[in-house]
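Can you read through this structure? Questions will come right after.
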Amino acid sequence: MKKVQGIMWGLVLIALGVILGGNAVGWWSIDLFFDGWWTLFIIVPCVIGLITEKGERIGNLAGIIAGVLLLLASQEVISFEVLWKMVLPVVVISVGIIIICKNLFNHKFDKEISKLNKSLNDDDAIGAAFSGQNINFAGEEFKGKTVGAVFGGLKLDLRKAIIKKDVVINAKAIFGGIDILVPDDVVIKIKSNSVFGGISNKKDNTPNDKAPTIYINGTAIFGGVDIK
């Protein structure tokens, strides 16, 4: 996936170079500094992220919508006054649609997570509040965890852990960040409940059909959960 992302950024730079070169020799005259050109720094990275990233894509989609609206306002298609008035209603409606969709289409997924959570207890919870934590399960059997980061950061390293069966990780990041480092021989499945945050799966795994599954039950509120 990183290769695809790199190729796309390369194509963007090539297109930029062609435009600059054509302008220099007089083949065409394309104004790169049109009204609202700065919104491309929001739109382009979000479009690339939406196409290349696995897992949670709501943050990228929200970025594209915000960038396009700002571009339209800069082009005077809509006024900034109307734009600011519509921000809160659009956010509230979007969150409502996301919640409805996730509850309609994730029933089977929810049942599996609920079943796996029954095997966890209070001792299986790890938290980082206004601080940082690094948890490593090298050489240990991993049976699932509940992890949280509130105004802090937490890293859960499972790259050398022993994972014999399906497990669940309940990850909650509130104004914080959680990194989950996973081995190659697992399947990753993600359920996301995010508001102004996101869950991103950056691990490009191709395990066999009998590989155990790590279910990521993630909540990100002004925070992020990264699977690497």
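Please go through the range 112-157 and write out the chymotrypsin sites (Phe, Trp or Tyr not before Pro) that DSSP classes as loop and that have at most 15 other C-beta atoms within 10 Å.
Passing sites in the range 112-157 are PHE130, PHE151.
What is the fewest-to-most order of SER29, SER94, SER79 by other Cβ atoms lying within 10 Å of their Cβ?
SER29, SER79, SER94
With just the Cα atoms defining each centre, how far is the range 141-155 from the range 27-51? Give it in Å.
Answer, in whole Å: 37.
Taking the convex hull of the Cα atoms, report for the range 107-227 its projected area averaged over all directions, in nm².
7.0 nm²
Give me the extension gain from ARG159 to LYS118: residue separation times 0.36 nm, minus the current Cα-Cα distance, reported in nm with one decimal.
Taking 0.36 nm per residue and subtracting the Cα distance, the gain is 12.3 nm.
Read-outs: derived from the displayed coordinates by stated rules, not from any lab. Everything numeric here is computed off the predicted structure, so don't read it as measured data. Cβ coordinates were reconstructed from backbone atoms using ideal geometry, including for glycine residues, and neighbour counts include every protein chain displayed.
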